[in-house]
Amino acid sequence: MDTEHTPKYTGPRPEDWGDVPEAERTIWMRYFIDYPPAFPGAFAMNMMARAALAGRTDVSPRWSRFGAAMHANGFGPLEYYVLMQTISALRRRELLDEAAHPDRFRVDIPAGKYQILDPDTRDLSPGPATYVIIPEGWANWPLHLRYGRTPARATQYLLTGGEPAPISTAYHGDEKIEYTD
């Protein structure tokens, strides 16, 4: 191996964080433990989590650049965390098809790259694709919060192209009345 011409990995650089205030960087890293911008694998995730909990912000250039991109699109760490909780709730209830929103999600790990073990049958099956959010695709989300929408309604509003489900429905005789925001 020609080590003279092989670039040396130096890890994240402070400039990877862009305009993110230094005081927010440790918060971003801690929140990325719960909702990583990209899953690095179990072993790496364990090491990165330990470093982030120790206050390090130089753990992953990919995470640092993602935090900078979210910040550039109007997010602070708390807004990111709440958005991810909202998206996770939709995933758990199987109400989200990320593939239908290529402007907001991209495939991080393609379907079938990893195998999933069924604990009952001990059979292996292809794992599903995993998706990560595209920061620019969610740039209007914090604005919806500032205008008074709840996080769930803001998420639904963006995912439906401005046609969220009614907040409530009432009937007056045969007339159906739907209330929206």
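The values are calculated or read from the model by the stated rules, or taken from the named source; none is laboratory data. Just so it is clear, the structure is predicted and the values come from calculations on it, not from any experiment. Don't worry about glycine lacking a Cβ; one is built from the backbone with ideal geometry, like all the others, and counts go over all protein chains shown.
Sub-6 Å Cβ pairs linking a first residue in region 35-62 that is touching a residue at least 12 places away in the same chain (Cβ under 8 Å) and of a type in the set (Phe, Trp, Tyr) to a second residue that is in a helix (DSSP H, G or I) and surrounded by 15 or more Cβ atoms within 10 Å (Cβ to Cβ), at least 6 apart or interchain, are Tyr35/Met84, ordered by first then second residue. Listed by first and then second residue, the pairs with beta-carbon distance under 6 Å, at least 6 apart or on different chains, first residue in region 74-91 and under 20 Å from Thr57 (Cα atoms), second of a type in the set (Ser, Thr, Tyr) and assigned to a helix (DSSP H, G or I), are Pro77/Tyr31; Tyr81/Tyr31. A Cβ distance below 6 Å, combined with a sequence gap of six or more or placement on separate chains, defines the contacts here; from region 124-146, residues that are farther than 19 Å from Ala99 by Cα reach residues that are surrounded by fewer than 16 Cβ atoms within 10 Å (Cβ to Cβ) and of a type outside the set (Asp, Glu) in the pairs Leu124/Gln115; Leu124/Leu117; Ser125/Ile116. Just so you know, in region 154-180 the residues that are assigned to a loop (DSSP other than H, G, I, E, B) and polar (S, T, N, Q) include one that is modelled with the highest pLDDT, and it is Thr160.
Are any of the residues in region 85-97 assigned to a strand (DSSP E or B) and surrounded by fewer than 17 Cβ atoms within 10 Å (Cβ to Cβ)? Within region 85-97, none of the residues are assigned to a strand (DSSP E or B) and surrounded by fewer than 17 Cβ atoms within 10 Å (Cβ to Cβ).
Considering only residues in region 32-47 that are more than 22 Å from Val82 (Cβ to Cβ) and modelled with pLDDT of 90 or more, the one that is surrounded by the most Cβ atoms within 10 Å (Cβ to Cβ) turns out to be Met47. The residues listed here are Glu15, Glu24, Glu98; of these, the one that is free of Cβ contacts under 8 Å to residues at least 60 places away in the same chain, acidic (Asp, Glu), in contact with a His (Cβ under 9 Å, 6 or more places away or on another chain) and at negative phi is Glu24. For region 120-127, indicate whether the set of residues that are basic (Lys, Arg), on the phi > 0 side of the Ramachandran plot, in a loop (DSSP other than H, G, I, E, B) and out of contact with any Pro (no Cβ under 8 Å at 6 or more places or on another chain) is non-empty. Scanning region 120-127 turns up at least one residue that is basic (Lys, Arg), on the phi > 0 side of the Ramachandran plot, in a loop (DSSP other than H, G, I, E, B) and out of contact with any Pro (no Cβ under 8 Å at 6 or more places or on another chain).
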